[in-house]
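The values are calculated or read from the model by the stated rules, or taken from the named source; none is laboratory data. Since this is a predicted model, take the numbers as computed values, not measurements. Just the protein is used for accessible areas: all its heavy atoms, side chains included, with ligands, DNA and RNA removed. Shrake-Rupley method; radii C 1.70, N 1.55, O 1.52, S 1.80 Å.
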Amino acid sequence: MTKKIELDPEIERLVSTYCDKMHLDFNSLTNKALKYYIVNKLSSKEVRQAKRNNEPDTKLINDLFQSNYGPWIND
């Protein structure tokens with residue numbers, strides 16, 4: 001799914017600096033950051049429900065929670 005994200009100038013400078021320092025592209029950073037944020041805001045039941053509605057494979061759910069316990073940028 002492609003989404004357009006508009007960053008304010010301050011956030012854009014921070015993102016650019018961070019991506020350069022960490023050798024990440026914007027899409028990778030966005031996906032990892034959103035995953036980290038959402039998993040920490042929703043309950044495990046809500047995440048399972050969302051995945052069940054969109055993806056029958058529970059392996060993705062397990063991967064989502066396992067990767068969340070390590071440093072989120074390294075998964």
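Please compute the length gained on full extension between residue 17 and residue 3, using 0.36 nm multiplied by the number of residues separating them and subtracting their Cα-Cα distance.
So the extension gain works out to 2.8 nm.
Straight distance only, please: which lysines reach the Cα of residue 21 with their own Cα at less than 23 Å, same-chain residues fewer than 8 apart left out?
Partners found: 32, 35.
How would 1, 22 rank on accessible area, largest to smallest, probe 1.4 Å? The partial results should precede the final answer.
Values: 1 200, 22 75 Å².
Per-residue accessible area, sorted high to low, gives 1, 22.
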